[in-house]
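Down below is the structure, laid out as C-alpha cells.
The values are calculated or read from the model by the stated rules, or taken from the named source; none is laboratory data. From a predicted model like this one, the values you see are computed outputs, not experimental measurements. FYI the Cβ positions are ideal-geometry reconstructions off the backbone, even for glycines, and counts take in every protein chain you see.
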C-alpha cells in the first residue's frame, strides 16, 4: 500500500534550505474581565456567579463539606450520592432525568472524604429548571427504598471492578501508608458496609449533613451575575439550617520514610507513588513551589519525563502534582513502569528529586515553566466548564476570581532564586515516603539492594 | 449550533494541496492549531499492527530545525498544551496556546510535515514507550481494550477492520526505519492533510503566516484511499475473551451501521437511537436492564467505538454492559432484543426525541466551547466530509431525525447479523504474565 519508491529516513530529515530559526512570540492580549458577583446568601451558602458568554450554556458546581467520623459514613455517603437524584416528594427518578434532558441538562454527584460535589450543566434558558430540580433534591430527596437497595447493589459491583484497577490499589495503599486510619483515607467504602446501608440512615445523613452553611455554589456561563444570585436566593430559599456543613479535620503532616512495596503477583507493570508535605495556594511561597514542581515532573518538558520516558523509555507517563486538602497540601510523584525497570525508575526518580535542590532549575527552565503555568491556566479557564471547575476548587478554600486573575502576576514575580529555595526545601528525597505496587518476586531483591524500601505482606 | 448563527469559517487550499480551515473567535486570547493526516490504523500493513500509532509518537521526536524534545519545550515554554492521537481513519496532532505563540505553532507543525527526523534511537525509545502505554491501558488492567480492540475481530473479517490498532508487541518490535520512511512519504503528503487554525487570529495575518511556513513544503501525490468495505455478518458471530483482571463478566454487541459519510441521515438516526436506548435514567435500556430487571451494573449504546464522527465506512454500533456473574449473556441479549423490537414496532414518543435532541444540542455547544475540541472537530469534518461547516449544522440535522427514522434504525440492528463478544473473568488465581501478542488501543501521545 505504501509508495513503491520512497526516500530514505535520512533524506526525509533534511531539505536544501537547511534548519530554520524559531519564530519569536508575538504580542499577547490579556484576558477580558470576568464580570461576577461573589456573595453569601441568606441561608449561608456562598454563591459565585460569573458571566462567560460564548455558548448558550450554564455550568453549576455545588460543593458541600461532607466529612464524617462514623465508620459507616463512607458507605452511607456513597449511597446518598448515588441516590440523591432518584426521587423527591414531587419527582421520581425518571421525571428528574426527563426534566433535565429537556433543557439539555445533566446533574451528577461525587462524594469523597472531604466533600459532596453536585455538578450540573444546561442550556442557558433552562437555568430556572436546573435550579428548581437542584432545590428539590436538596430539600426533599426521598431516597425510595427500592432505589437505595438497587443502587447499593450496583455500588458493590462497581467497587469490585474499581479495586482490581492498579491505580486504585496504589491509591488506597498510599493513603494508608501516609495517614493510617484518618477519615481522609476512606475514599472508597467497603462493599460489606455498602450492603448494610438502610434507607433511613441515608435520609438521616442527608438531614444532618447536606447543609448550605460552609458550602459554595459556582455558576458560570451565559448569564447575568446580579440577576442569577437573586434567582438562586429564591430557588434555594427552602434549603436552610442553623448548623454548618462538616469540614474534614486537619490532616497530619506527611513525613519522609521508607517506601512500602505492596505485592501484586504477576503484575506486568508497577505503580510508583511518592508523596511529601507541600504548601497550600495561600502560602506566599506557593508560586515558587508551583514552578519548582513543574520543572521536576509537572509538565511534559520536565526533568523526570525527559529522563525516564524520553531518554530511557521506562514509562508512558511520569507526573508530579499537588493534592490540596483543606488548608494543607501534599505533592505526589507518580509513574507506571514495566516490572523489570521499576527499581531503576525509582532510582532515577530519587535522583531527580535530589538534583532539583542541588542543581537547581536554570533561568531558562524557570522561564519555560513560568510561561507554561500562566498559559495553561489561561487555556484551562477559557471554557465555561474549565472555569467553573477551577473556581469551585478555589471557592472551597475561601479563594475566588481575584486569586485566579492575580495569579499570573504572582508567577511573573517569582525569581530564579526563590524557585531554587523551594526546590531544595520541599523536594529533598528525604522528605518523601510512598508506595510501589508490583510483582514482589522480581522487585524485592532489587529494592533490598537499592535500600529505603520495606516489603509489605502479600 | 443553530444554523442561523453559524460562526465565521474560511477554507483555502495551498498550491501543494494542503487544505486549510480558519475559524476566528476573538473572545479569549488563545489559539488552536491542528493537523489531520488522512491515515489511521486501518491503513497499516499486515505484519505491522500498531504502526500508525507508533509513527504518531515518532512525529514528536524532532525535525530538521528541531532537536529531540524541542517540540514539547517550545509548545509548553510558550504556555501551550499539545497532544496527538491515532484513529481508524486519521491521525491528528494539535496544540492550544496563548495567541502570541501562533506563528511558533505553525512553524513547528510545518517543520515536521516537511522534514521529520526519523532515527533508529528514537524508534527504539518510542517502541518502549508505546509498550508501556499498552501495558497501562490494556494488559495490566481489567477490561483493557474492551470493546475497541476485542469487538472488531468478531464483527469484521478483513485485516484493516479487524486487527488491533494498538499493535502486537512482536509487530511493534519489528518496525524498521525504512517502514517509517515509506509510511511518511506515502501518507504524510501535504495534499493528504488538513490544517486547522482557530481562536484569537486575524484571518489575513494567519493566511500570510500559513503560506510563509507551509507554502514550501514540497508537493507529493495524494495516496489513493482504498475502500475498507466488507459484507455484513450473515448470522450471529460469538467469541469469548478471558480477562485475568476483570471481577465481573461483560459483553459487547456490535452491529454494522449506515455509512457515516454517504448515508449521514441514516447514521444520525443511529445516534438518536443510541440516546433513546441509553442516555440518562429515563432511557429504554437504563430503565429495563439496570433498574427494572436489575440485570446489569451499567449499560451503554453508541455509534463508533471511539465516539461518533471518527471513522468512514464501515463503522460500528455497539452496546456494552457489565453484569453480575449469575446473569447469563443470553438474558441480557434477550432484554436488548425485546427493547429494540419494541422500538422497531412502536416508534419512540415525541418527548423521547426532544430529550435526545436537547442533550445533543447542549453537548455540541460544550464541545464548541472547548477550543481544542472545536479545532479537532472542524479539522476532522473537513477531512472526512469535506465540509467543516457541517459541525454547526449537526444540532439541526439531529433535531430533524423522525420517530420513524429511529424505529427503522432499531429494526436494522438484527440478532442474525451481529457480533457478540463475551468477557469472562478467569479464576482468582490469575496468571497475568505478559502475553507475547498484545492487545491494543490508540491514544494520545502524552
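See the values below:
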{"read-out": "Residue tally, condition within 26 Å of residue A:155 (Cβ to Cβ) and assigned to a helix (DSSP H, G or I), over the range A:196-252", "value": "12"}
{"read-out": "Residue in the range B:273-292 that is modelled with pLDDT of 95 or more, under 30 Å from residue B:112 (Cα atoms) and away from chain A (no Cβ under 14 Å) present", "value": "no"}
{"read-out": "Search result, residues across the range A:1-43 that are more than 30 Å from residue A:372 (Cβ to Cβ) and more than 7 Å from chain B (Cβ to nearest Cβ)", "value": "A:4, A:5, A:10, A:11, A:16, A:17, A:37, A:39, A:40, A:41, A:42, A:43"}
{"read-out": "Residue tally, condition over 23 Å from residue B:32 (Cβ atoms) and in contact with a strand residue (DSSP E or B) (Cβ under 9 Å, 6 or more places away or on another chain), over the range B:63-87", "value": "1"}
{"read-out": "Restricting the range B:302-326 to residues that are assigned to a loop (DSSP other than H, G, I, E, B) and crowded, with 20+ Cβ neighbours inside 10 Å, the residue that is nearest to the other protein chains (Cβ to nearest Cβ)", "value": "B:312"}
{"read-out": "Answer from A:109, A:98, A:86 - the residue that is on the phi < 0 side of the Ramachandran plot, free of Cβ contacts under 8 Å to residues at least 12 places away in the same chain and touching a helix residue (DSSP H, G or I) at 6+ places or on another chain (Cβ under 7 Å)", "value": "A:98"}
{"read-out": "Residue among B:11, B:42 that alone is more than 10 Å from chain A (Cβ to nearest Cβ) and under 25 Å from residue B:218 (Cβ atoms)", "value": "B:11"}
{"read-out": "Any chance residue A:404 is in a helix (DSSP H, G or I) and either more than 11 Å from every other protein chain (Cβ to nearest Cβ) or surrounded by fewer than 18 Cβ atoms within 10 Å (Cβ to Cβ) (or both)", "value": "yes"}
{"read-out": "Subset of the range A:91-103 [more than 7 Å from every other protein chain (Cβ to nearest Cβ) and in a loop (DSSP other than H, G, I, E, B)]", "value": "A:91"}
{"read-out": "For residue A:343: the one exception among (1) more than 11 Å from chain B (Cβ to nearest Cβ); (2) under 13 Å from residue A:274 (Cβ atoms)", "value": "(2)"}
{"read-out": "Qualifying residue in the range A:44-54 (condition: more than 11 Å from chain B (Cβ to nearest Cβ) and more than 27 Å from the chain's Cα centre (by Cα))", "value": "no"}
{"read-out": "Counted residues, the range B:75-103 - those being assigned to a helix (DSSP H, G or I) and either free of Cβ contacts under 8 Å to residues at least 12 places away in the same chain or crowded, with 23+ Cβ neighbours inside 10 Å (or both)", "value": "5"}
{"read-out": "Test: residue in the range B:171-192 that is on the phi > 0 side of the Ramachandran plot and touching a strand residue (DSSP E or B) at 6+ places or on another chain (Cβ under 7 Å)", "value": "no"}
{"read-out": "Filtered residue count, the range B:186-205, keeping only those that are assigned to a helix (DSSP H, G or I) and more than 24 Å from residue B:59 (Cα to Cα)", "value": "3"}
{"read-out": "Subset of the range A:117-135 [surrounded by 22 or more Cβ atoms within 10 Å (Cβ to Cβ) and in a strand (DSSP E or B)]", "value": "A:118, A:120, A:121, A:122, A:123"}
{"read-out": "Any hit, the range B:219-241, residues being more than 12 Å from chain A (Cβ to nearest Cβ), at positive phi, touching a residue at least 12 places away in the same chain (Cβ under 8 Å) and surrounded by fewer than 14 Cβ atoms within 10 Å (Cβ to Cβ)", "value": "yes"}
{"read-out": "Residues of the range A:279-295 that turn out to be crowded, with 24+ Cβ neighbours inside 10 Å and either under 21 Å from residue A:171 (Cα atoms) or out of contact with any helix residue (DSSP H, G or I) (no Cβ under 8 Å at 6 or more places or on another chain) (or both), as a count", "value": "1"}
{"read-out": "Members of the range B:338-375 that are loosely packed, with under 15 Cβ neighbours inside 10 Å and more than 18 Å from residue B:279 (Cβ to Cβ)", "value": "B:338, B:341, B:345, B:346"}
{"read-out": "Selected residue (only one of A:415, A:392, A:382 is within 14 Å of another protein chain (Cβ to nearest Cβ) and over 30 Å from residue A:447 (Cβ atoms))", "value": "A:382"}
{"read-out": "Residue B:196, sole failed condition from (1) under 30 Å from residue B:143 (Cβ atoms); (2) under 24 Å from the mean Cα position of the chain (by Cα); (3) away from every other protein chain (no Cβ under 14 Å)", "value": "(1)"}
{"read-out": "Test: residue in the range B:413-425 that is in a strand (DSSP E or B), surrounded by fewer than 22 Cβ atoms within 10 Å (Cβ to Cβ) and within 14 Å of another protein chain (Cβ to nearest Cβ)", "value": "yes"}
{"read-out": "Exclusive hit being without any contact (Cβ under 8 Å) to a residue 40 or more places away in the chain and away from chain B (no Cβ under 14 Å), set A:311, A:283", "value": "A:283"}
{"read-out": "So residue B:96, is it at pLDDT below 95, at the interface with chain A (Cβ under 7 Å from one of its Cβ atoms) and over 30 Å from residue B:317 (Cβ atoms)", "value": "no"}
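Rundown of residues vs (1) farther than 28 Å from residue B:59 by Cα; (2) out of contact with any strand residue (DSSP E or B) (no Cβ under 7 Å at 6 or more places or on another chain); (3) surrounded by fewer than 19 Cβ atoms within 10 Å (Cβ to Cβ), yes/no style:
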residue	(1), (2), (3)
A:315	no, no, no
A:326	yes, yes, yes
A:329	yes, no, no
A:332	yes, no, no
A:335	no, no, no
A:344	no, yes, yes
